[in-house]
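Novice: One structure, as structure tokens, below. Some questions next.
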Amino acid sequence: MTNKELVIGFFMEGYVHHNYDFLMENMATDYFDNSPCAARSNQECVDILKNTEKTFTDMEVEILDLIEEDNKVAIRARFTATHNAEVYDLQPTGKRISFEALEIFRIENGLIVESWGYWPDMSIKELLIKND
């Protein structure tokens, strides 16, 4: 599997298909997430994704950009999902929202070992409280 395929797999298997075994097998046990969610292992990452699955159901992921250099892969993706559990101190709204996020993954020996992510938390919250 190429580094790009590995990163695509992270999003498609983790967020869309909920194949957490794929993540456990393709992430280092000491995976380090430099974003605010701060997972410190592949298991913590899976736990965060399981919570995301409950909060934002029917997740769709569209890969907008995928760039590789050396042992890093950068991705820009659009996420579309339905808000069905409490998040940001907001009760479930049932709203279908869409937002973009950016992440960079570092890969060593065929495993995701580290990431840096930008998720637009304030924009997501605004989408959830916005009256259409």
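The values are calculated or read from the model by the stated rules, or taken from the named source; none is laboratory data. A quick note: this is a predicted structure, and the numbers were derived from the prediction, not measured. Please note: Cβ atoms are built from the backbone with ideal geometry, for glycine as well, and neighbour counts cover all protein chains shown. The protein model used for the area step is the full one, side chains on, heavy atoms only, and it has no ligands, DNA or RNA in it. Shrake-Rupley method; radii C 1.70, N 1.55, O 1.52, S 1.80 Å.
Novice: Gap in Å between the Cα centre of region 87-109 and the Cα centre of region 1-39?
Specialist: 14
Novice: Largest first and in whole Å, what are the equivalent-ellipsoid semi-axes of the chain based on the Cα gyration tensor, each being the root of 5 times an eigenvalue?
Specialist: Sorted largest first and rounded, they come to 26, 15, 13 Å.
Novice: Mind putting a number on the dipole of the chain about its Cα centre? Charges go on the C-beta only, +1 for Lys and Arg and -1 for Asp and Glu, and I need it in Debye to the nearest 20.
Specialist: 380
Novice: Could I have the simple spin-label model distance between Glu126 and Tyr88, label points 7 Å from Cα toward Cβ, reported in nm to one decimal?
Specialist: In this crude spin-label approximation the distance works out to 0.9 nm.
Novice: Once the other residues with Cβ under 11 Å from the Cβ of Asn84 are scored (Lys, Arg +1; Asp, Glu -1), what is the net sum?
Specialist: 0
Novice: Can you check what the net charge comes to around Phe11, using other residues whose Cβ is under 10 Å from the Cβ of Phe11 (Lys, Arg +1; Asp, Glu -1)?
Specialist: Net local charge, Phe11 excluded: -3.
Novice: Moving on to the next point. Looking only at trypsin sites (Lys or Arg not before Pro) in DSSP loops with at most 12 other Cβ atoms within 10 Å, what is the longest site-free stretch of the chain?
Specialist: Answer - 41-129.
Novice: Which residues in region 94-132 place their backbone N less than 14 Å from a point set 7 Å from the Cα of Ala28 along the Cα-to-Cβ direction?
Specialist: Of the residues in region 94-132, 105-116 have backbone N under 14 Å from the label point off Ala28.
Novice: Nearest-5 percent of antiparallel DSSP beta bridges in the chain?
Specialist: Numbers: 30 of 33 bridges.
For the chain, the DSSP antiparallel bridge percentage is about 90.
Novice: Within a Cβ distance under 15 Å of Gln43, other residues only, what is the Lys/Arg minus Asp/Glu net charge?
Specialist: Around Gln43, the charge tally is -4.
Novice: Now for a different question. Could you pull the accessible area for Val113 with a 1.4 Å probe, rounded to 10 Å²?
Specialist: Only protein atoms counted, so the area is about 20 Å².
Novice: Now, a different point. Would you mind calculating the gained length between Lys54 and His17 on full extension (0.36 nm times residue separation, minus the Cα-Cα distance), in nm to one decimal?
Specialist: On the way: separation 37, 0.36 × 37 = 13.32 nm, distance 1.31 nm.
Stretched fully, the Lys54-His17 segment lengthens by 12.0 nm.
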